[in-house]
Amino acid sequence: MLRRSTWFYKARRRDDTVIRKRIREIAETRVRYGCQRIFTLLRRQGWRDNHKRVHRLYRLEGLNLRSKQSQRYRMALRRLDRPQLSSICQCWSMDFVTDQLFDGRRIRRFVRLGTFYLHSYGYIFISEPLNFHTNLLLLCLQ
């Protein structure tokens, strides 16, 4: 048996255009703000809508698709094109490599690599930090 109030109930929705416009304005001026912070700003400005309604309108406006770019993608945008090499000793790459022996001692290596012919040039094996810096300075002076 249904109650009479349930049978004759008519949903009366409020007009969303004003609050949707305000949510859009806040999102455009404060780009890094998400739904929760926009909801807090609306509360401070006197809007009495609850967080569920604000979240629904936020999604309807299409604002939930904003996401941060990955750091790898941003780094790739700043990366320069590789130069075209025609002979050896035009371009070198270098790196520091660390490893650990079975007895716990650490090995650090400074690797220089000829980019044109991909031949590694000189490993330095170091087990103590003071020697590492001293040997690196000596290598740079050569």
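The values are calculated or read from the model by the stated rules, or taken from the named source; none is laboratory data. Model, not experiment: these values are computed from the prediction. Using ideal geometry, Cβ is built from the backbone for each residue, glycine included, and neighbour counts are taken over all protein chains shown.
I need the full set of residues from the range 1-27 which are of a type in the set (A, V, I, L, M, F, W, C) and closer than 14 Å to VAL54 by Cα, in order please.
VAL18, ILE19, ILE23, ILE26, ALA27
Any idea which residue in the range 31-46 is surrounded by the most Cβ atoms within 10 Å (Cβ to Cβ), counting only those that are in contact with a Phe, Trp or Tyr (Cβ under 9 Å, 6 or more places away or on another chain) and of a type outside the set (Val, Ile, Thr)?
PHE39
Considering ARG59, ARG20, which residue is surrounded by 12 or more Cβ atoms within 10 Å (Cβ to Cβ) and touching an Asp or Glu at 6+ places or on another chain (Cβ under 8 Å)?
The match here is ARG20.
Could you give me the residue pairs with C-beta distances under 8 Å whose first residue belongs to the range 13-26 and is closer than 15 Å to TYR58 by Cβ, whose second residue is among the hydroxyl-bearing types (Ser, Thr, Tyr) wherever it lies, and which are 6+ apart or on separate chains?
Within 8 Å, the pairs are ILE23/TYR58; ILE26/TYR33.
Among the residues that make up the range 38-47, is at least one of them modelled with pLDDT of 75 or more, assigned to a helix (DSSP H, G or I) and of a type in the set (D, E, K, R)?
yes
Do we have GLU28 as over 20 Å from ASP15 (Cβ atoms) and either surrounded by 13 or more Cβ atoms within 10 Å (Cβ to Cβ) or among the charged types (D, E, K, R) (or both) here?
yes
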